[in-house]
Amino acid sequence: MSADVYSHGHHRSVVASHARRGVEDSAAYLLPHLRDGMTMLDVGCGPGSITMELAERFPHSAVTGIDASAAVIAQAQTAAAERGIPNVSFAVDDAYALDRPDASVDVVHAHQVLQHLSRPVDALREFRRVLRPDGLLAVRDVDYEALSWYPREPQLAEWLELYLRLARHNEAEPAAGRHLRSWVQAAGFRDLSVTGTTWTYADDESVARWGATWAERAVDSDFARQCPEYGLATTADLQRIADGWTRWGASSDGWFQLPHGEVLARP
Ligand SMILES: C[S@@+](CC[C@H](N)C(=O)[O-])C[C@H]1O[C@@H](n2cnc3c(N)ncnc32)[C@H](O)[C@@H]1O
């Protein structure tokens with residue numbers, strides 16, 4: 001398995017946030033290109049909510065989610081069994097060395113994964129190896145340097161600065177969204193279709209949820225553990241940031257926007 005350090009970790013607050021994702025909010029750019037019966041590989045699937053929705057929408061497709069974390073794969077397997085989805089499977093595997101033959105998959109999808117890898121172009125080369133000649137790559141990542149929010153809570157600026165430093169300490173690129181076109185081309189893909197979409201939290205429920213998620217993650221998650229360990233922040237700094245997220249999450253005029261890059265391409 002790769003030696004990369006995943007900045008978010010799999011604390012329940014992180015996984016619960018990921019498990020809310022679905023194909024409409026995270027893979028809309030890919031949907032028009034999918035056909036029932038295509039084999040699909042969801043790399044870095046996390047708790048598998050997007051993977052499971054793909055399988056439900058395309059019941060004749062064999063859909064596989066893989067992730068480096070055995071714990072999150074076990075959660076995905078339990079959820080799939082509870083939902084009774086026969087055409088989805090999950091396995092522990094490595095984005096850099098997939099347990100798949102050459103030219104064996106119709107679609108490789110990776111959502112919010114390349115931003116966490118120290119060698120995204122190597123991973124993309126591996127995705128290209130397993131894709132059939134007429135297969136399709138679909139990758140989507142946030143650009144953390146382009147986040148915006150309101151009210152201008154100073155502790156959110158402190159949080160972002162810290163997040164960028166932590167990700168780069170872990171040799172990952174948090175502004176991945178704007179790098180995707182370059183990385184996909186460097187890995188040898190062709191016929192790129194490059195787009196950008198955003199997640200916007202600007203209603204009371206989503207502002208409260210996003211504020212509460214990060215108030216918890218700031219003091220109790222791999223982020224909270226790694227920042228002091230690397231000398232990037234003290235526990236007092238993290239508590240101040242958590243308090244800022246709590247204040248922001250209570251604002252009745254809150255706004256938070258995360259721009260994403262997304263690329264479709266042929267091997
Ligand atoms: C931000 S989560 C995204 C999860 C899911 N794709 C989603 O959007 O909800 C990134 C996931 O990539 C996984 N990951 C990181 N490095 C990996 C690697 N080398 N191989 C496979 N998975 C990896 C992490 O364990 C984590 O579950």
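The values are calculated or read from the model by the stated rules, or taken from the named source; none is laboratory data. Fair warning: this is a prediction, and the values are worked out from it, not measured in the lab. Note that each Cβ is placed from the backbone with ideal geometry, even for glycine, and that neighbours are counted across all protein chains shown. Heads up: the accessible areas ignore ligands, DNA and RNA and are worked out on the full protein's heavy atoms, side chains in. Shrake-Rupley method; radii C 1.70, N 1.55, O 1.52, S 1.80 Å.
The table for this structure:
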{"read-out": "Residue within the stretch 104-115 that is among the small types (Gly, Ala, Ser), over 13 Å from the mean Cα position of the chain (by Cα) and within 9 Å of the ligand (Cβ to nearest atom) present", "value": "no"}
{"read-out": "Complete set of residues in the stretch 132-150 that are part of a loop (DSSP other than H, G, I, E, B) and open to solvent by 40 Å² or more (accessible area, probe 1.4 Å)", "value": "none"}
{"read-out": "Single residue of the stretch 42-59 satisfying the filter (in a helix (DSSP H, G or I) and near the ligand (Cβ under 7 Å from one of its atoms)) that is surrounded by the most Cβ atoms within 10 Å (Cβ to Cβ)", "value": "ILE50"}
{"read-out": "Unique match (being open to solvent by less than 20 Å² (accessible area, probe 1.4 Å), polar (S, T, N, Q), near the ligand (Cβ under 8 Å from one of its atoms) and in contact (Cβ under 8 Å) with a residue 60 or more places away in the chain) among SER13, SER7, SER26", "value": "SER26"}
{"read-out": "Top-ranked residue of the stretch 85-105 - restricted to ones that are open to solvent by less than 30 Å² (accessible area, probe 1.4 Å) and assigned to a strand (DSSP E or B), ranked as nearest to ARG35 (Cα to Cα)", "value": "VAL105"}
{"read-out": "Some residue of the stretch 67-84 being crowded, with 21+ Cβ neighbours inside 10 Å, within 11 Å of the ligand (Cβ to nearest atom), of a type in the set (D, E, K, R) and more than 15 Å from MET1 (Cβ to Cβ)", "value": "no"}
{"read-out": "Given (1) more than 8 Å from the ligand (Cβ to nearest atom); (2) open to solvent by 10 Å² or more (accessible area, probe 1.4 Å); (3) hydrophobic (A, V, I, L, M, F, W, C); (4) farther than 22 Å from ARG128 by Cα, index of the condition MET38 fails", "value": "(4)"}
{"read-out": "In the stretch 216-267, the residues that are among the aliphatic types (A, V, I, L, M), out of contact with any strand residue (DSSP E or B) (no Cβ under 8 Å at 6 or more places or on another chain) and in contact (Cβ under 8 Å) with a residue 12 or more places away in the chain", "value": "ALA218, VAL219, ALA224, LEU232, ALA233, LEU238, ILE241, ALA242, ALA250"}
{"read-out": "SER89 vs. criteria of a type in the set (Gly, Ala, Ser) and either more than 14 Å from the ligand (Cβ to nearest atom) or at positive phi (or both)", "value": "yes"}
{"read-out": "Residue satisfying all of: in the stretch 59-92; touching a Gly at 6+ places or on another chain (Cβ under 9 Å) and β-branched (Val, Ile, Thr); farthest from CYS45 (Cα to Cα) among these", "value": "VAL88"}
{"read-out": "Enumeration of residues in the stretch 17-57 that are more than 11 Å from the chain's Cα centre (by Cα), more than 21 Å from GLU82 (Cα to Cα) and not aliphatic (A, V, I, L, M)", "value": "GLU24, ASP25, TYR29, PRO32, HIS33, ARG35, ASP36, GLY37, THR39"}
{"read-out": "Count of the stretch 122-131 residues which are open to solvent by 30 Å² or more (accessible area, probe 1.4 Å) and more than 13 Å from the ligand (Cβ to nearest atom)", "value": "3"}
